[in-house]
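Each value in this text was obtained by applying a stated rule to the coordinates, not by laboratory testing. Quick caveat, the model's predicted, so the values are computed rather than measured.
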């Protein structure tokens, strides 16, 4: 919810960067909020959320033996 203000404070203006950061960090609610900011930010947020899910599903099973 505060991503817009944080990005403004650190002067990040690029919608693609905003969308990717929101999608990876905030998942569904952040992605929906990114669509309210703009279509490009929302598209990148959805892409990042999907990529994060795929990578997590592929990497976690191989990392479990290392953790336990």
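So the values come out like this:
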item	result
Helix 15-37 axis, angle to the chain major axis (alpha carbon atoms, nearest 10°)	70 degrees
Stretch gain in nm, segment residue 54-residue 4, where the contour uses 0.36 nm per residue and the Cα spacing is subtracted	15.4 nm
C-alpha long axis of helix 39-67 to longest principal axis of the chain, angle in °	20 degrees
Helix-only mean residue ellipticity at 222 nm for the chain, each DSSP H run of n ≥ 4 adding -39500 (n - 2.57), per residue, nearest 500	-30000 deg cm²/dmol
